[in-house]
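Remarks on the structure that follows.
The values are calculated or read from the model by the stated rules, or taken from the named source; none is laboratory data. For clarity, every value in this text was computed on a predicted model and none was experimentally measured. Here Cβ is always computed from backbone atoms with ideal geometry, including for glycine, and neighbour counts include all displayed protein chains.
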Ligand SMILES: Nc1ncnc2c1ncn2[C@@H]1O[C@H](COP(=O)(O)OP(=O)(O)OP(=O)(O)O)[C@@H](O)[C@H]1O
Ligand SMILES: [Mg+2]
């Protein structure tokens, strides 16, 4: 469904995306996780025909992104990181405009607009100009708009950035519903919980390179599913164990105050890189 082979993007001397290999099957929710500047947006921009591929290639639904951009555009929906809605237009008008760009017939546009306003819980905002929307409403409309022409593959660049936890969960719910419709989703995030909650597979990106690629559970198991966190004078040290029993035994040998918890993807990133995702 989504395939990348040695996908590379250079901006002058900077290699923003460095020989990325991905293979995402139909219906999967895949997350690209990484800190600011890791190359997430650049990857999405290449996969969605918006940025020229420097080297390597990408296939979307069997179409080569560089050779068949028009076919690719027909089967994908994109919700970019920067909100690019028409803020003077209403929710309905934004969807209508997108439907026309995709040459959807009038009746189909009407039906789809109602469906999507219901889906995104924006029915009450149908006639309201977008500049009066909250951040969460705008994000939801952005996703609805990306779905307007019934794409098979959806790209969501930071779908919940800057939103409070409650709204974030609402958007997670929308994304999960797409999966049940057989839509493939590639999303980017630098929220650990988001990748863990939503994604069946996660690619961890750092300085343009994919440094890990697996399910969140497997990534964590590889490090050790349990973390023993010791809060000593030198700051926090973490020791990873495979099982809870091991963790308890390890903690028992220490004569200090410790916390035993599940390992998370932040720990995985730290183990792989020696750095935190959020500095
Ligand atoms: N048009 C451009 N020209 C030059 N450099 C660019 C351009 N676009 C991105 N970059 C650089 O490429 C690198 C990757 O940027 P990108 O926006 O893909 O990161 P990101 O992972 O999406 O980060 P964020 O989490 O902040 O959105 C950064 O160093 C960025 O400065
Ligand atoms: Mg980005």
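Only residues that are surrounded by fewer than 18 Cβ atoms within 10 Å (Cβ to Cβ) and either in a helix (DSSP H, G or I) or within 14 Å of ligand 1 (Cβ to nearest atom) (or both) were counted across the stretch 69-85, and they come to 9.
For the stretch 189-206, taking the residues that are in a loop (DSSP other than H, G, I, E, B) and modelled with pLDDT of 95 or more, the one that is nearest to ligand 1 (Cβ to nearest atom) is identified as 199. Filtering the stretch 106-146 to residues that are surrounded by 14 or more Cβ atoms within 10 Å (Cβ to Cβ), within 20 Å of residue 84 (Cα to Cα) and out of contact with any helix residue (DSSP H, G or I) (no Cβ under 8 Å at 6 or more places or on another chain) leaves 129, 142, 146. Just one residue in the set 186, 163 is within 16 Å of ligand 1 (Cβ to nearest atom) and either in a helix (DSSP H, G or I) or modelled with pLDDT of 95 or more (or both); that residue is 186.
Scanning the stretch 1-60 for residues that are within 16 Å of ligand 2 (Cβ to nearest atom), in a loop (DSSP other than H, G, I, E, B) and farther than 25 Å from residue 269 by Cα yields a count of 3. When residue 173 is tested against (1) more than 22 Å from residue 89 (Cα to Cα); (2) assigned to a helix (DSSP H, G or I); (3) touching a helix residue (DSSP H, G or I) at 6+ places or on another chain (Cβ under 9 Å), exactly one condition is not met: (3). Please go through the stretch 71-96 and pick out each residue that is under 16 Å from residue 156 (Cβ atoms) and in contact with a helix residue (DSSP H, G or I) (Cβ under 7 Å, 6 or more places away or on another chain). Correct list: 77, 78, 79, 81, 83, 85. Are any of the residues in the stretch 151-162 over 21 Å from residue 90 (Cα atoms), surrounded by fewer than 20 Cβ atoms within 10 Å (Cβ to Cβ) and either within 16 Å of ligand 2 (Cβ to nearest atom) or without any contact (Cβ under 8 Å) to a residue 24 or more places away in the chain (or both)? Within the stretch 151-162 (the criterion being over 21 Å from residue 90 (Cα atoms), surrounded by fewer than 20 Cβ atoms within 10 Å (Cβ to Cβ) and either within 16 Å of ligand 2 (Cβ to nearest atom) or without any contact (Cβ under 8 Å) to a residue 24 or more places away in the chain (or both)), the answer is yes, since at least one residue qualifies. If you filter the stretch 6-34 down to residues that are within 22 Å of residue 200 (Cβ to Cβ) and surrounded by fewer than 22 Cβ atoms within 10 Å (Cβ to Cβ), you find that the one that is nearest to ligand 1 (Cβ to nearest atom) is 22.
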